[in-house]
Amino acid sequence: SVPADASNPDSVVVSVLNISATLGSQAVLPCKSYRMVWTQDRLNDRQRVVHWDVYSTYYGDNKMERLCDMYSAGDQRVYSSYNQGRIFMPQNAFTDGNFSLVIKDVAESDEGTYSCNLHHHYCHLYETVKIQLAITKRAEDAKEYWDGEKPVIVALEGSTVMLPCVNRNHIWTERHSEEEQQVVHWDRQPPGVPHDRADRLIDLYASGERRSYGPLFIRQKMNITNTAFALGDFSLRISQLESADEGTYSCHLHHHYCGLHERRIYQVFVKEPVREKKVVNLTTHNIAPAIACFPFLVSSDPNVVRGHNVINVIIPESRVHFFQQLGYILATLLLFIVLLIIVVLITRKRRQRACDNTIFHCYSFFRKDVNLKEFTVDTTDLTQYRSEDIRLDYKNNILKEKIEQARSFPAKNIDLDK
């Protein structure tokens, strides 16, 4: 972001306004100054003029009379033929800044209050200097003094007198390019941020140059009209107002040529749309009446963002609701037990099938002792051998005894399925 311009610390705060706007609406921050209106000066004379007037009571009619005037780009003009060649101003008045009036051969009819009026129409500046002229016939009475409000000159009758009016301010003497020295700034201070750290929003020059700062959405929603310098209206328009747009805004008007440095401050607050609440009784079966709140937007402005209509129903709790919740819990617990039983049964059935396929597994599972005497070998198909033909090496007497018993007893069929 671009910081605020601190090059003109002498800016005069001319107004401070508090502006409240509705969320989603358009806010207008008024900033107008006709002294900032720019019109191209083709004659390059800055529309400056000086004229001398006199308020006289000599003829008893107490009238104000225009004596002469002069424009910065023109010649002097004397209104009365009597004063032609008798009164004049310096020809280089708008160069030197000396607008004094010279009166030759003063007479008693010249007594009165004279005013030197400087008008700068371009800058809307008006300055006046008043001088009291008195005529005396005695030379020792001629003098100058200050009466507390204006200078007083007592001149000798028939002499030449000069009424002083000097203003050497640059706006009356120098020439500048006014479009390069007219600029309007808009700054924004978020809450809690001091003025010297404000963010620059817009720079607008009389030449037509415009500079916008910040993100694109800010540049689109905060604008000044293109006819600002033609109308003197530099108001800032903020569309689709949001809560984040709150803060302090400043309009800086700088006319360096005319010596204008003004600042206008605006405190912007965003408020919610006004809503109307209606109470409606809803009657249902076996429950108490409920209260429903229907918010509606009062504003008919199409730019205002409207919220959704929400119905809030408040139903008091009862014992029936408690038993319903308890039933849900018990049903869930029962379902869990049934599922657990089914899993156990399926597991046992699979283990039994595994035992039927493998005798050794079954033996290890049921841990039963099997007697070797119950097992017989069918020897009907075996060839009878004599005991003396079979030569066995016995490792111990127990194994030998079992072999002899097997030969002596007849074969026995064992049904393994029993």
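Things worth noting here:
- Residue within the range 183-200 that is in a strand (DSSP E or B), of a type in the set (A, V, I, L, M) and either open to solvent by less than 30 Å² (accessible area, probe 1.4 Å) or closer than 30 Å to Thr225 by Cβ (or both) present: yes
- Condition met for Phe229 (aromatic (Phe, Trp, Tyr), touching a helix residue (DSSP H, G or I) at 6+ places or on another chain (Cβ under 6 Å) and not assigned by the TED database to the domain that holds Gly97): no
- Output for the range 69-108, where each listed residue is more than 17 Å from Thr160 (Cβ to Cβ) and open to solvent by 40 Å² or more (accessible area, probe 1.4 Å): Tyr71, Ala73, Asp75, Gln76, Arg77, Tyr79, Ser81, Gln91, Asn92, Thr95, Asp96
- Within the range 77-100, residues that are in contact (Cβ under 8 Å) with a residue 60 or more places away in the chain and within 15 Å of Arg48 (Cα to Cα) reach partners that are hydrophobic (A, V, I, L, M, F, W, C) and in a loop (DSSP other than H, G, I, E, B) with beta carbons closer than 9 Å, at six or more positions or on different chains, in the pairs Phe94/Ala73; Asn98/Met89; Asn98/Cys165; Phe99/Met89; Phe99/Cys165.
- Selection count where residues are in contact with a Lys or Arg (Cβ under 6 Å, 6 or more places away or on another chain), among the β-branched types (Val, Ile, Thr) and open to solvent by 70 Å² or more (accessible area, probe 1.4 Å), scope the range 109-157: 0
- The strands (runs of 3 or more DSSP E) found entirely in the range 247-290 that carry 1 or more residues being modelled with pLDDT under 55 are 279-282.
- Within the range 232-254, the set of residues being open to solvent by 40 Å² or more (accessible area, probe 1.4 Å) and either touching a Phe, Trp or Tyr at 6+ places or on another chain (Cβ under 9 Å) or without any contact (Cβ under 8 Å) to a residue 60 or more places away in the chain (or both) comprises Ala244, Glu246.
The values are calculated or read from the model by the stated rules, or taken from the named source; none is laboratory data. Everything numeric here is computed off the predicted structure, so don't read it as measured data. Please note: Cβ atoms are built from the backbone with ideal geometry, for glycine as well, and neighbour counts cover all protein chains shown. With ligands, DNA and RNA removed, areas are computed over all heavy atoms of the protein, side chains included. Shrake-Rupley method; radii C 1.70, N 1.55, O 1.52, S 1.80 Å.
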